[in-house]
1. Could you list ILE82, ILE9 so that the one with the fewest beta carbons within 10 Å of its beta carbon is first and the one with the most is last?
2. May I ask you to list the aspartates and glutamates whose Cα is less than 19 Å away from that of LYS72, ignoring any residue fewer than eight positions away on the same chain?
3. Sort 55-63, 27-35 by the packing proxy (mean of other Cβ within 10 Å over each peptide's residues), most packed first.
Amino acid sequence: MQFTKVMKIASVPVLSFLVAAGAHAEAYDGVHNALSTKTRDEVNIEAVQTASAPNQNVVRGSRGAETMAMSKDRSIVEAEAIRAAWAPDQNVGSGSRVNSKVISTMPHPADVRAKAN
């Protein structure tokens with residue numbers, strides 16, 4: 001008898017939740033009309049112009065080299081690249097050695113070559 005009393009008490013919140021969920025269901029209004037400021041003919045003209053536009057399906061870079069702004073002189077960039085490529089510890093990071101900092105004790109080849117000239 002006590003079990004049925006507990007079931008009745010427990011079922012009241014569950015049923016009230018289901019009723020509340022059903023009360024908030026969305027109503028179906030049918031197919032909605034499109035809201036547009038353009039007429040059908042204006043949209044058609046725009047579509048034809050877009051479809052016949054030049055280079056519309058060309059991926060970036062397929063039209064040749066793109067221009068870019070130069071912030072440094074070419075010789076400076078080339079010298080920096082050579083220096084980085086010849087660095088004696090270029091592939092060594094601070095995590096390469098346990099509990100230590102990487103400090104290069106070797107002279108840089110670009111510096112040695114510059115002193116020789």
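Taken together, the values in this text are just the output of simple stated rules run on the coordinates, not laboratory data. These numbers come from a predicted model, not from an experiment. Virtual Cβ from ideal backbone geometry, glycine too; neighbours counted across all protein chains shown.
1. Least crowded to most crowded, the residues run ILE9, ILE82.
2. Those aspartates and glutamates meeting the cut-off are GLU80.
3. Going from most to least packed, we get 55-63, 27-35.
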